[in-house]
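Worksheet: the structure to be examined is printed underneath.
The values are calculated or read from the model by the stated rules, or taken from the named source; none is laboratory data. These numbers come from a predicted model, not from an experiment.
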Amino acid sequence: LAEGVGNLLLGEKEIDDEVLAELETALLLTDVGIDTTREIMDKLALRVRRKELNDTVALHRALAGLLK
């Protein structure tokens, strides 16, 4: 999980729909499960909409926090 998602979120770039879609796909491919993936993505998307997460570095940190 860490390698695939880490490569996806490598570098500091703006979060857009493509980044979120790729993250969702990566989570599904690592067998996190559909329900868990949806829950994680809903929480992250809400934080992006609230402007709490501005770039992929912040997104990666937030994801790591959710997976603990």
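On inspection, Asp42 passes the criterion of being among the charged types (D, E, K, R) and at pLDDT 90 or above.
In region 45-67, is there at least one residue being of a type in the set (Asp, Glu) and part of a helix (DSSP H, G or I)? Within region 45-67, none of the residues are of a type in the set (Asp, Glu) and part of a helix (DSSP H, G or I).
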